[in-house]
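Asks: Provided herewith is a single structure, encoded as structure tokens, for subsequent inquiry.
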Amino acid sequence: MLKNYLEGKTVKRILSCTENSISILLEDGVIVDFVHLEDEIIFDIKTPDGS
């Protein structure tokens, strides 16, 4: 699933970056949030249409 949104895309802007998380805006308006919780990395994808 993550591959479908990230592959071949350019990062337009880093929206936030902390020790445990990063939020990036891709060229097509998709926002991807990564959060590091102990031994797991969780991601959330927000598309421009809100889905």
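All of the numbers you see were taken from the coordinates with simple rules; none came from a lab. Keep in mind that what you see is a predicted model, and the values were worked out from it rather than measured. Positions of Cβ are generated from backbone atoms using ideal geometry, with glycine treated the same way; all protein chains shown enter the neighbour counts.
Asks: If you plug each phi of the range 18-26 into the Karplus form 6.51 cos²θ - 1.76 cosθ + 1.60 with θ = phi - 60°, what whole-Hz ³J(HN,Hα) values come out, in order, with x for Gly and Pro?
Replies: Karplus values, whole Hz, x for Gly and Pro: 10, 4, 10, 8, 8, 10, 10, 9, 8.
Asks: What trypsin sites (Lys or Arg not before Pro) in the range 6-51 are in a loop by DSSP, with at most 15 other Cβ atoms within 10 Å of the Cβ?
Replies: Lys9
Asks: If each residue of separation counts as 0.36 nm, what is the full-extension length gain between Ile41 and Thr18 once their alpha-carbon separation is subtracted?
Replies: Length difference between fully extended and current span is 6.9 nm.
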